[in-house]
């Protein structure tokens, strides 16, 4: 098998980091892993944990067209063609709709929607220029894209826009053999999630599992918070040959929390 390039954005922490480590474990050693994130030192720490293969770290702001162009210039300079993209870069914003200011709206959409457009279209062009077998992209979305969430209207809107774009991108690319899917996590044990728990982390965690009727939110039927590795398993499955007939799908990995409404 010829070496390939595997690209992960948002790789410095949380689910993106788990995806990068899972790809390292599952992929042939000759494949090159390209890691992108705004957190340059975080990328360096992650790269140090991945011995035995070539790793390229590229500090990147996915909301900035010039920064994304620099990332893909670095990928294009590699002899290995781009075969897989995991787009995990994203930010969270909270606040009820009447209280959210326009700057928060724009910043959230810039990262969570504009960033998806910039990164996935650049990846698509590169995959089309240098085709290989099993080309695939997976977006990290959110179950908030599918159900209303109290105090999360801007975040939910940004994730819904991104998921809708990925489905249409997948339709455009399907005749060329490129698959596009979205994994939609629920509550996952990352720094972003833990920030919601407050000073009493145990009580905060339990409130997620139990749900909150005042916020019109059910709990988690499976009775557990996801670990980042649970989400990474779903992502790498969708990248793999085992998912070769799956495209334009939103896979909810949330322990049943949305009741798949």
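Details
- Once Rg and the Kirkwood radius are both taken over the C-alpha atoms of segment 62-188, their ratio Rg/Rh works out to 1.01.
- Computed over the chain: relative contact order in percent, which uses C-alpha pairs under 8 Å that are six or more apart: 19
- Overall form of segment 16-92 per C-alpha gyration tensor (a/c, 1.5; a/b vs b/c): oblate
- Nearest 10 degrees, 0 to 90: helix 153-173 Cα axis against the chain principal axis: 30
- Cα-based radius of gyration of segment 163-223 once divided by 2.2 N^0.38 Å, which approximates compact folds: 1.65
- The simple Förster model, with R0 at 35 Å and r as the Cβ-Cβ distance, assigns residue 176 and residue 107 a FRET efficiency of 0.55.
- Compared with the dominant principal axis of the Cα atoms in the chain, helix 65-76 is inclined by about 40°.
- Neighbour-count ranking [beta-carbon atoms within 10 angstrom, fewest first] of 159, 4: 4, 159
- Working ranking of peptides 97-110, 54-67 by packing, defined as the average number of other Cβ atoms within 10 Å per residue, highest first, is 54-67, 97-110.
- Projected-area mean, segment 198-261, by convex hull of Cα positions, square nanometres: 5.7
- Peptides 220-231, 138-149 ordered by average Cβ neighbours within 10 Å, highest first: 138-149, 220-231
- Anisotropy class of segment 1-147 from Cα gyration tensor, a/c 1.5 cut: prolate
- Overall form of segment 105-148 per C-alpha gyration tensor (a/c, 1.5; a/b vs b/c): oblate
- Rg to Rh, two decimals, where segment 116-220 supplies the alpha carbon set and Rh follows Kirkwood: 1.11
- Normalised convex hull volume, the chain, alpha-carbon set, Å³ per residue: 128
- Length-normalised contact order of segment 109-261 in % [C-alpha pairs under 8 Å, at least 6 apart]: 29
- Between helix 115-129 and the chain there is an angle of about 20 degrees, using the helix long axis and the longest principal axis of the Cα atoms.
- Segment 51-121, Rg to Rh (Cα coordinates; Rh as Kirkwood inverse mean 1/r): 1.09
Read the figures in this text as sums done on the coordinates, not as results from a lab. The structure displayed is predicted, hence computed values, not measured ones. Ideal geometry is used to build each Cβ from the backbone, glycine not excepted, and the neighbour counts take in all protein chains shown.
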